[in-house]
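These notes are about the structure you will find just below.
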């Protein structure tokens, strides 16, 4: 299992990669493994500003649907077009490359200091065992 050191992690199994005032968000390698093959990703919150822990979308696997939570507050700028059913329609990217091509949303940070409350790779790895 992969735990990139350059990311921050949440207890709900999201990761965030901060790049200046913006960040990319997705679900962890552990989460995609637990969910199994993903068949659909829904994000209808593009353009909205959400608070930390607000639901920004859902991922659907063969057996279950899970909510996606904001790791920190921000404005949702983009839903990965490769995952969107009206464009690339390839939610399996999350299974094959959860930290790269399988990112889910791009956000503009509104409360960057909230990142200090997130887990490091080592902390997250300890949590999931």
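Descriptive notes on the structure:
- Some residue of segment 105-121 being assigned to a strand (DSSP E or B) and over 18 Å from residue 55 (Cα atoms): yes
- Index of the failed condition, residue 63 passing every other in (1) closer than 16 Å to residue 27 by Cα; (2) free of Cβ contacts under 8 Å to residues at least 60 places away in the same chain: (1)
- Per the listing 48, 44, the residue uniquely surrounded by fewer than 17 Cβ atoms within 10 Å (Cβ to Cβ), out of contact with any helix residue (DSSP H, G or I) (no Cβ under 7 Å at 6 or more places or on another chain), in contact (Cβ under 8 Å) with a residue 24 or more places away in the chain and more than 15 Å from residue 8 (Cα to Cα) is 48.
- Just one of the listed residues (97, 53) is under 14 Å from the mean Cα position of the chain (by Cα), surrounded by fewer than 19 Cβ atoms within 10 Å (Cβ to Cβ) and more than 14 Å from residue 4 (Cβ to Cβ), and it is 53.
- Any chance residue 82 is surrounded by 15 or more Cβ atoms within 10 Å (Cβ to Cβ), without any contact (Cβ under 8 Å) to a residue 24 or more places away in the chain and more than 20 Å from residue 122 (Cα to Cα): yes
- With a requirement of 3 or more residues that are within 23 Å of residue 110 (Cβ to Cβ), in contact with a strand residue (DSSP E or B) (Cβ under 8 Å, 6 or more places away or on another chain) and modelled with pLDDT of 95 or more, the strands (runs of 3 or more DSSP E) lying completely within segment 33-92 that satisfy it span 55-61, 65-69, 74-79.
The values are calculated or read from the model by the stated rules, or taken from the named source; none is laboratory data. Everything numeric in this text was worked out from a predicted model, so none of it was measured. Virtual Cβ from ideal backbone geometry, glycine too; neighbours counted across all protein chains shown.
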